[in-house]
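Notes follow the structure.
Read-outs: derived from the displayed coordinates by stated rules, not from any lab. Small disclaimer: the values here were computed from a predicted structure and weren't measured.
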Amino acid sequence: MDLLTILEIIATISGLVHVYLLTKEKIIAWPFGIVTVSIYVYIFFVSKLYSDAILHVIYFFLNIYGWYNWSRRHDDRPDVLITRLSRSGIALFAGIIIAGSLAWGGFMEHNTDASFPYFDAYTTVASLCAQYLLAQKKIDNWVIWILV
């Protein structure tokens with residue numbers, strides 16, 4: 001087995017644990033997310049999937065933010081509650097995903113040797129939106145993850 005295969009196996013296992021713990025609303029999920037995305041930064045960079053590599057660098061920081069946000073205590077309740085986006089919130093994130101994918105895809109197509117610039121850009125922008133919504137405990141994040 002080569003190094004990339006071993007790293008992919010470790011990242012996959014860590015990622016599955018991360019998602020499972022998120023579904024159980026366990027704060028310990030976030031360190032598993034940090035391990036997962038750290039490994040994927042390397043994998044995507046050497047595979048010339050630059051948008052995905054950049055995405056996972058940002059995920060690193062979003063995982064730290066998620067860990068912090070889920071750890072917050074409020075005066076009247078012990079943790080952050082799960083909520084839904086408003087209709088205007090849904091429209092906002094849909095617009096961000098569409099416009100961001102076209103803009104980032106165009107940039108990557110003209111400035112890098114990216115393998116699939118627009119597909120890569122879509123997965124990058126949509127995933128960033130989903131990860132942010134996950135850190136905010138917005139249930140709508142799962143719809144975006146499914147589409148990604």
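One table, with the values for the structure above:
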{"read-out": "Lysine pair number, Cα distance threshold 23 Å (strictly under), the range 3-147, separation 8 or more or different chains", "value": "4"}
{"read-out": "The chain: calculated mean residue ellipticity at 222 nm from DSSP helix runs of at least 4, using -39500 (n - 2.57)", "value": "-26000 deg cm²/dmol"}
{"read-out": "Spatial separation of Cα centroids for the range 98-115 and the range 9-36, in angstrom", "value": "29"}
